[in-house]
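Visitor: Have a look at this one.
The values are calculated or read from the model by the stated rules, or taken from the named source; none is laboratory data. In this text the structure is predicted, and so the values were computed from the model without any measurement. Positions of Cβ are backbone-derived with ideal geometry, glycine not excepted, and every protein chain shown enters the neighbour counts. Just so you know, the surface numbers come from the protein's heavy atoms only, side chains and all, with ligands and any DNA or RNA stripped out. Shrake-Rupley method; radii C 1.70, N 1.55, O 1.52, S 1.80 Å.
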Amino acid sequence: MTEGTTSAAAEGADTLTRLEQEGEIAADYLEGLLDIADLDGDIDMDVEADRAAVSIISDAGGRDLQKLVGRDGEVLEALQELTRLAVHRETGDRSRLMLDIAGYRAKKRAELSELGAKAAAEVKSSGEPVKLKPMTPFERKVVHDAVKSAGLRSESEGEEPQRFVVVLPV
């Protein structure tokens, strides 16, 4: 191995270690939260796309965990931010950690990928831009990725919380 390859491998290992540490800190924080709320759930940690990913899952169907998702994922978004702050407090570094509860984000990701693909197909057939409804940053990212994989481009427009995706023709 060359010196550059060795340092790149070491940097990748350092990044993985840092993301695993973020996941462990987040898991501890969320376990405490589940205890306080008297909710049952198991914590699953992973590293996906250069981010720590933490999921709370339940064997009991997740009915109780729906309280932690809230309407349209609002409580989930707030818990994700609180978890990121807990990680930041421990590490001193800003976290891009993703939190999923009861499979809500995974289901939402599949729906949004389909929406992005449909919007791309519509733009390809009409040749006209398509504006989608306002979305959260997570939702917009999933749609942008789906549009890109369909061979088109997209942009976000507007100001939070009314920021939305516009799918553009080639």
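Visitor: Using a probe radius of 1.4 Å on heavy atoms only, what accessible surface per residue do you get for region 1-146? Whole Å² is fine.
Guide: I get 61 Å² per residue for region 1-146.
Visitor: Here's another thing I want to ask about it. What is the log10 of I(q)/I(0) for region 21-78, computed with the Debye formula using one identical point scatterer on each Cα and no solvent, at q = 0.16, 0.19, 0.24, 0.29 Å⁻¹?
Guide: Once normalised to I(0) and log-transformed, intensities are -0.51, -0.72, -1.08, -1.28.
Visitor: With a 1.4 Å probe and all protein chains left in place, how much of the accessible area of the chain comes from carbon and sulfur atoms, in whole percent?
Guide: 50 percent
Visitor: Let me ask you something else. Please give the helix 104-126 orientation as an angle from the longest Cα principal axis of the chain, in degrees from 0 to 90, rounded to the nearest 10.
Guide: 10 degrees
Visitor: Something else about it: Would you report the distance distribution of C-alpha pairs in region 76-126 as whole percents per 10 angstrom bin, up to the bin with the largest distance?
Guide: 23, 30, 25, 16, 6, 0
Visitor: Taking the dipole about the Cα centre of the chain, with the C-beta of Lys and Arg at +1 and of Asp and Glu at -1, give me whichever of Leu99, Ile25, Leu152 is farthest to the positive side.
Guide: Looking along the dipole axis, the top candidate is Leu152.
Visitor: Would you calculate the separation in nanometres between label points at Thr17 and Glu157, each defined as 7 Å from the Cα along the Cα-to-beta-carbon direction?
Guide: It works out to 4.7 nm between the two label points.
Visitor: From the list (i) 17.9; (ii) 16.7; (iii) 15.6, can you say which value of Kirkwood radius over Cα pairs in Å was derived from the structure given?
Guide: Identified label for the calculated read-out: (i).
Visitor: Could you work out how far helix 137-149 tilts from the main Cα principal axis of the chain, as a 0 to 90 degree angle to the nearest 10?
Guide: The angle comes out near 50 degrees.
Visitor: Between region 104-170 and region 40-97, how many Å separate their Cα centres?
Guide: If you average the Cα positions of each part, the centres end up 24 Å apart.
Visitor: Which listed residue (Val123, Thr83, Leu68) has the Cα farthest towards the positive end of the charge dipole for the chain, taking +1 on Lys and Arg C-beta and -1 on Asp and Glu C-beta about the Cα centre?
Guide: Going by the charge dipole, the pick is Val123.
Visitor: Using the per-residue mean of other Cβ atoms lying within 10 Å as a proxy for protection, in what order, highest first, do the peptides 34-46, 66-78, 15-27 fall?
Guide: So the order, starting with the most tightly packed, is 15-27, 66-78, 34-46.
Visitor: Let me ask something else. Sort largest first and round to whole Å: the equivalent ellipsoid semi-axes of region 1-102, each the square root of five times a Cα gyration tensor eigenvalue.
Guide: Rounded to whole Å, the semi-axes are 30, 13, 11.
Visitor: Which value in deg cm²/dmol, rounded to the nearest 500, describes the helix-derived mean residue ellipticity at 222 nm for the chain, given -39,500 (n - 2.57) per DSSP H run of n ≥ 4 and division by the residue count?
Guide: Theoretical 222 nm ellipticity from helices: -18500 deg cm²/dmol.
Visitor: Relative to the first principal axis of the alpha-carbon coordinates of the chain, what is the inclination of helix 3-37, with its axis defined by its Cα atoms, in degrees from 0 to 90 and to the nearest 10?
Guide: With both axes taken from Cα atoms, the answer is about 70 degrees.
Visitor: Further, regarding this structure: Please figure out what share of the DSSP beta bridges in region 30-147 is antiparallel and state it in percent, rounded to the nearest 5.
Guide: The antiparallel proportion sits near 65 percent.
Visitor: May I pose another question? Stokes-Einstein diffusion coefficient for region 53-154 at 4 °C in a medium of 1.567 mPa s, Rh from the Kirkwood formula over Cα pairs: what value in µm²/s?
Guide: Calculated translational D: 85 µm²/s.
Visitor: I would also like to ask the following. To the nearest 20 debye, what is the magnitude of the charge dipole of the chain about its Cα centre, counting +1 on the Cβ of each Lys and Arg and -1 on the Cβ of each Asp and Glu?
Guide: Computed charge dipole of the chain: roughly 1020 debye.
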